[in-house]
Amino acid sequence: MANNSASSPDDPNALFAGATAQYDNGRLAEAEALCRRTLGVLPGHAWALNLLGVIHCRTGRSDQGVRLIAQALSLAPDEASFYNNFGTGLTGLGRHVDAVTAFRRALELDPDSASAHNNIAAPLKAMGKLEEAADHYQNAVRLRPEFGEGWANLANVLLDMGHVQQASTSAERAVREAPGYAVAHNNLGTVRHRQGRYAEAEAAFRRAIELDADNTDALCNLGEILKESGRARDAMAFYRRAHDLAPGELAKDSNRLYAMCAVEGADPAEIGAEHKAWGAHARPSNISGPDFSGRDRDPDRRLRVGYVSSDLRRHSVAYFLEPILEHHDKRAFEVFAYANMAGCDEVTERLRGHADHWRGVFGLSDAELASQVALDGIDILIDLAGHTRGNRLGAFARKPSPVQVSYLGYPATTGLKEIDGRITDAWADPPGMTEAFHAERLMRLEHGFLCYRPSEDAPPPEPPPSLSAGHVTFGSFNNLAKLTPATVATWAEILKAVPGSRLRLKAKALGDEATCSRVQADFATHGIDAGRLDLLAWITASHPLAAYHGVDIALDTFPYHGTTTTMEALWTGVPVVTLAGGWHASRVGVSILARAGLDEMVAANPADYVKIASSLAAKPDLLVELRATVRGMIVRAGMTDGVRFTAEFEAALRRLWRDWAAAGG
């Protein structure tokens, strides 16, 4: 007897049940085929339209996917899960405002949907609405305490808000609830990185990669950890792997380009070529060229100048930017600041006071930032980040301003032909030496490309510590990313040449025991006992510059020189020895020391570097004299003269503007 209850091969519900089963098992192609068969039998099957839309979104066809889900919603306008999926598809398209609207409707229909709370937080976070995003993530994990993905996302947004301990607790919970979820381990690593627990961060990132070998976030983050703990060359393999997996993710690839600047033996021509290759793909192909036909080209009119940075806060960039913002001629320049950061501090407030207009752009897409710049009518847009974290080069690639400039925050070219000029000087970029490494025109300031604003509460210089200690102490407070094997070997030779001398290093990564052990081992291979090394993490108990009171002679890193560290050392009276190289990153020390009148501290090769440092150590009277006079040399050289520097800086901007105006745009 036939079974009358058996499903027909053309039963849409049976076909859809099969599609759902295939989808749940990860067989998306099979699920898609069954959805299409379902719709062939019953075109108005809302659930099949919804699932087909979800599959499209998951397989790189989000435009079609959201249209399919919208069709499903027209048939079932009160189905919360459809709105949830619709919002997810819109998020993937970068349509954050529309996505939030869809998720809000999902939550109106189903307030207890942990999934919708988790999903709405993503576009809110992207829009810079961190507190609202955090509230939704907290709702998600309240409703589903075992929701590992929700805990991982909560950790991420709490970290962005600066709530590091709460982020740590959430990240640990995420790993407990979802031990096989790669993103949870990646986010735990990010928290540990922020905490300075480098060994634990490295382990977390490696675990994420074990779980998902193609996780580009974890690959890039592991690269960052290796770079910052002095293993830039090892980091390159992970950056390259991330690049190969996602060549279109230009923001992540910036990490690779920045790391190249610290790799020992890297060819400046290759570094320039890699940056230019990045720049060649940065401009979206679907946007038309800039149209500034209506712009007033008067060469002498008041210009609108905009500064774009994620470091308008207590950061090294602020030491050199504030003199410009403070002393701009407001009759000739109207100043806009585009702050790409979530929080602020007292330095932020001080900088805000120097700007005519302040725009918080954290959470804006590159297209939205470019639109804001165009709306503001900016004549000259200045990038202060290069390829460092938080950069907005994607907005610059859209050419929202007639004249665009790179300055201050990066030691190499941006690679963007859309950026017209790079502010430098003839010491850092000698004419004829480095032009080929840049996509930008080099604008050399006659009196140097930096102006330093020392902390008002900076402690005064003290006598050299060797007078009381009985031995000379060398020191370097640069990021360990700049501590190359050649630098270690050269510093070891200096310690050998000066009996009883010690080396003091200070860096965030040195708060990690495993990193300290690695540094000690690196020096041990050159015969330097760990007892001769003073390894310090960031100092919070006293003024940061007070650590220089324990240093007789500062040693600059190479090939990537220090900038702020060199100025801070000199401001406390500590002489700095540097090694001149063949491109900007390895010549910043040359620029600073030459301007200060300390040319004799610039070495031409490693042997000369050792000779200068050891010779200086043998002259205690000279060390005493330098301690008392270097700060005055800095001042007399005009290196803290914001009025003079800004006038020269403005003249360079005006030249770029006149050249653009004369060329007819």
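The values are calculated or read from the model by the stated rules, or taken from the named source; none is laboratory data. All of these numbers come straight from a predicted model, not from anything done at the bench. Methodologically, a virtual Cβ is constructed for each residue, glycine included, from the backbone with ideal geometry; neighbour enumeration extends over all protein chains shown. Only protein heavy atoms, including side chains, enter the accessible area calculation; ligands, DNA and RNA are left aside. Shrake-Rupley method; radii C 1.70, N 1.55, O 1.52, S 1.80 Å.
Rg and Dmax, both from the Cα atoms of the stretch 263-337 and both in Å, are 18.1, 48.
In whole percent, and with a 1.4 Å probe on the protein chains, what portion of the accessible area of the chain is carbon and sulfur?
Values: 13610 of 26800 Å².
Carbon and sulfur atoms account for 51 percent of the accessible area of the chain.
In the P(r) worked out for the stretch 232-299, what percent of Cα pairs fall beyond 19 Å? Value for the stretch 232-299 (Cα pairs over 19 Å): 46 percent.
Normalised by 2.2 N^0.38 Å, where N is the number of residues, the alpha-carbon radius of gyration of the stretch 126-254 equals 1.04.
With a simple spin-label model that places each label point 7 Å from the Cα along the Cα-to-Cβ direction, the separation between Val635 and Asp329 comes to 2.7 nm. Label-to-label distance for Glu368 and Lys619 is 5.8 nm, based on points extended 7 Å past Cα in the beta-carbon direction. Expressed in Å, the radius of gyration and Dmax of the Cα atoms of the stretch 32-127 are 12.8, 42.
For the stretch 82-97, the Karplus equation 6.51 cos²θ - 1.76 cosθ + 1.60, evaluated at θ = phi - 60°, returns couplings of 5, 5, 4, 5, 4, x, 5, x, 5, 4, x, 8, x, 8, 5, 5 Hz by residue, with Gly and Pro reported as x. Listed peptides 412-418, 263-269 appear in the order 412-418, 263-269 once ranked by packing, highest mean of other Cβ atoms within 10 Å at the front. Fully extending the segment from Gln166 to Glu462 would add 102.5 nm, taking 0.36 nm per residue of separation and subtracting the current Cα-Cα distance. Between amide H atoms placed 1.01 Å from N, distances below 5 Å from Asp534 occur with Leu503, Arg504, Leu505, all of them 5 or more places distant or on a separate chain.
Derived value for the stretch 436-520: Kirkwood hydrodynamic radius 16.8 Å. Basis is the mean of 1/r over every pair of different alpha-carbon atoms.
Sorted largest first, the spans of the alpha carbon positions of the stretch 439-596 along the three principal axes are 47, 36, 29 Å. In terms of overall dimensions, the C-alpha atoms belonging to the stretch 553-665 reach 60, 29, 18 Å along their principal axes, ordered largest to smallest. Helical content alone sets the calculated 222 nm signal of the chain at -16000 deg cm²/dmol, taking -39,500 (n - 2.57) per DSSP H segment of four or more residues and averaging over every residue. Between Ile382 and Gly306, Tyr307, Val308, Val405, the built amide H atoms are under 5 Å apart, and every one of these is 5 or more places off in sequence or on another chain. For the stretch 168-202, backbone nitrogen atoms closer than 13 Å to the point 7 Å from Arg389 Cα along Cα-to-C-beta are found at 189-198. Taking Cα atoms only, the orientation of helix 164-177 departs from the longest principal axis of the chain by about 40 degrees.
Could you pull out the pairs from Lys496/Lys619; Lys227/Lys417; Lys125/Lys508; Lys129/Lys252 whose alpha carbons sit more than 26 Å apart here? Write down the numbers at each step before the final one.
On the way: Lys496/Lys619 17 Å; Lys227/Lys417 28 Å; Lys125/Lys508 28 Å; Lys129/Lys252 22 Å.
Checking Cα-Cα distances, Lys227/Lys417; Lys125/Lys508 exceed 26 Å.
Distance from a point 7 Å along Cα→Cβ of Glu270 to each backbone N in the stretch 199-227: keep the residues under 18 Å and list them by number. Residues 227 qualify, since their backbone N sits under 18 Å from the label point. For the stretch 239-331, trypsin sites (Lys or Arg not before Pro) meeting the loop criterion (DSSP other than H, G, I, E, B) and having at most 10 other Cβ atoms within 10 Å: Arg331. Here the stretch 51-107 was treated as a single set of alpha-carbon atoms; its pair distances binned every 10 Å from 0 give 30, 59, 11 percent. Residues whose amide H comes within less than 5 Å of that of Trp358, counting only those at least five positions distant or on another chain, are Ala337 (H built at 1.01 Å from N in the peptide plane). Each residue of the chain gets 170 Å³ once the volume of the Cα convex hull is shared out per residue. Applying the Karplus relation 6.51 cos²θ - 1.76 cosθ + 1.60 with θ = phi - 60° to the stretch 484-496 yields 3J(HN,Hα) values of 7, x, 5, 5, 4, 4, 5, 5, 4, 5, 5, 4, 5 Hz, where x marks Gly and Pro.
Available extension along the chain between Arg453 and Leu75 is 129.7 nm, counting 0.36 nm per residue and deducting the alpha carbon span.
Under the criterion of Cα pairs below 8 Å and six or more residues apart, the relative contact order for the stretch 206-269 equals 28 percent. Short to long, the 5 Å bins of the Cα pair-distance histogram for the stretch 237-368 hold 2, 8, 13, 14, 14, 17, 16, 11, 4, 1, 0 percent of all pairs.
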